[in-house]
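Colleague: Take a look at the following structure, please.
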Amino acid sequence: MTLRDRARIVAPVLVPLLILGCVRRAPVDGTIILSVAPVDRIEIRILESFPVQVHVVVRGSLPDACTAVREVAATRSRHRFVVEVTAQRDRDALCAQVLTPYEEVVPLDVLGLPAGTYVVEVHGLSATFRLETDNIPVDAAARNEGSEGDARAR
């Protein structure tokens, strides 16, 4: 049997697998590969509400049809937010090698933050946003003023 004959036999089986994208086999040992998800761009969205809500929209392309976003985590230290996007893939999965776009909308915990400029960093990309006023709910601000008044009256 020649190589050409073998290709004619194998091609009808392999081509549909590649077209379907990702064919998952149950991992023999349960191994999942974790990686940092590639990020192409980020966008800050400040929602018109009070208290203000801020979201960062993270867009990128995963390296193949089997890789998916596993977890998105945002942390803050002073005026800096760091967002980490983790991807996962079954180690033994057979996948089409095509870039797969993704988008994640990540709410940032800005409740109670003072007015000021904040930096958001996602895998080497950064953007800034500004809170024009302290982001404290009206009810909480009123309670704080009332308790300060009570303390001064004593």
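Nothing in this text is a laboratory measurement; each read-out follows from the coordinates by a stated rule. Keep in mind that this is a model prediction, so the values were computed, not measured. FYI the Cβ positions are ideal-geometry reconstructions off the backbone, even for glycines, and counts take in every protein chain you see.
Colleague: Evaluate E = 1/(1 + (r/R0)^6) for ALA74 and ASP134, where r is the Cβ-Cβ distance and R0 equals 25 Å; express this FRET efficiency to the nearest 0.05.
Modeller: According to the calculation, E is roughly 0.75.
Colleague: Could you calculate the contour length gain from ALA115 to ASP40, that is, 0.36 nm times the residue separation minus the distance between their Cα atoms, to one decimal place in nm?
Modeller: 24.1 nm
Colleague: May I ask you to list the residues of region 57-86 whose amide nitrogen lies under 17 Å from a point 7 Å from Cα along the Cα→beta-carbon direction of GLU103?
Modeller: Counting backbone N atoms under 17 Å from the label point, the list is 57-62, 69.
Colleague: Which of GLU104, GLU71, GLU48, GLU84 has the fewest other C-beta atoms within 10 Å, and how do the rest follow up to the most? List each step's numbers first, then the result.
Modeller: Working: GLU104 19, GLU71 12, GLU48 6, GLU84 15.
Sorted ascending by nearby Cβ count, the order is GLU48, GLU71, GLU84, GLU104.
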